[in-house]
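Beneath this line is the structure, given in structure tokens, with notes to follow.
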Amino acid sequence: MQSATASIWIIIPTYNERENVGPIADAILATVADAHILIVDDGSPDGTGGLADEMARTNDAIAVLHRQTKQGLGRAYVAAFRELLARDADIVVQIDADFSHPVRFLPSLLEPLRAGQADLVLGSRYVKGGHIPRWNVLRRLISRGGSIFAGVVLLMPYKDLTGGFKAWRATVLREIDLDRLHAGGYAFQIETTFRARLAGARIVEVPITFEERRAGTSKMSMTIFTEALRLVLALRLTTLFRRRRRTLSTDA
């Protein structure tokens, strides 16, 4: 069972999220009293990074990691994972800065890790109890279709593979070889879950409600969705090739 004193870090990646970063940090710390927050800012021109520094100066539970340019969500998370592994974090949580991942679901994401029942917890919109109240049909089709496609091609049984509300046991992050993660957006979420499964992680899904952002603008695009489709096929081909190499080596 996970120790009651486990070090819990929650990553908030930001780019032009000045309106959201303060309120969501306050909400997180009010919901998970023993959490620490790492804000990863990609040189936001709206001053998000400067505001984050002010927050960190007045609250020891908040730290800031600055990156000079916007390089994508995946790169931001990889940098954050490295930083938190160096800090000996026990549990690492991914959450969006815009409140689309409601903070009230954090305890249910953390519970399977605290109880020693899982190594990776996916906040799922598509298991029983999950909801997306205000999406149109096209957006639902793209998201759900992407998860189904990735699950079928990569032989993963999980219903929500494109969501970004996830809680990790740090030992799994040490196993998945961060140097090999290059994707962003949807693709990053699929790739990390796939590599965690290959590493033998126990993965569970818990229901969440996905809500629209409270302020700012969405970073989602068809380019990100297309990248995810390409990545899924590439991961499948790479896996098949490695299995074939192992088989040929054994036969020899």
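Numbers for the structure displayed
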| quantity | calculated |
| --- | --- |
| All positions within segment 50-77 that are surrounded by 23 or more Cβ atoms within 10 Å (Cβ to Cβ) and either under 18 Å from the mean Cα position of the chain (by Cα) or over 28 Å from Leu120 (Cβ atoms) (or both) | Leu73, Ala76, Tyr77 |
| Close pairs (7 angstrom Cβ cut-off, 6 or more residues apart or separate chains): in contact (Cβ under 8 Å) with a residue 24 or more places away in the chain in segment 77-97, among the acidic types (Asp, Glu) anywhere | Ala97/Glu17 |
| Output for segment 9-49, where each listed residue is within 15 Å of Gln94 (Cβ to Cβ), crowded, with 22+ Cβ neighbours inside 10 Å and among the β-branched types (Val, Ile, Thr) | Ile10, Ile11, Ile12, Thr14, Ile24, Ile37, Ile39, Val40 |
| Hits in segment 103-147 - residues which are at pLDDT below 85, basic (Lys, Arg) and under 24 Å from Leu229 (Cα atoms) | Arg139, Arg140 |
| Residue that is touching a residue at least 60 places away in the same chain (Cβ under 8 Å) and in contact with a strand residue (DSSP E or B) (Cβ under 9 Å, 6 or more places away or on another chain), where the choices are Arg67, Arg114, Arg134 | Arg114 |
| Matching residues, segment 159-171, being surrounded by 21 or more Cβ atoms within 10 Å (Cβ to Cβ) and farther than 16 Å from Ala80 by Cβ | Asp160, Leu161, Thr162, Gly163 |
| Criterion (modelled with pLDDT of 95 or more and in a helix (DSSP H, G or I)) met by exactly one of Thr223, Thr239, Thr250, Thr193 | Thr193 |
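The values are calculated or read from the model by the stated rules, or taken from the named source; none is laboratory data. Fair warning: this is a prediction, and the values are worked out from it, not measured in the lab. Note that each Cβ is placed from the backbone with ideal geometry, even for glycine, and that neighbours are counted across all protein chains shown.
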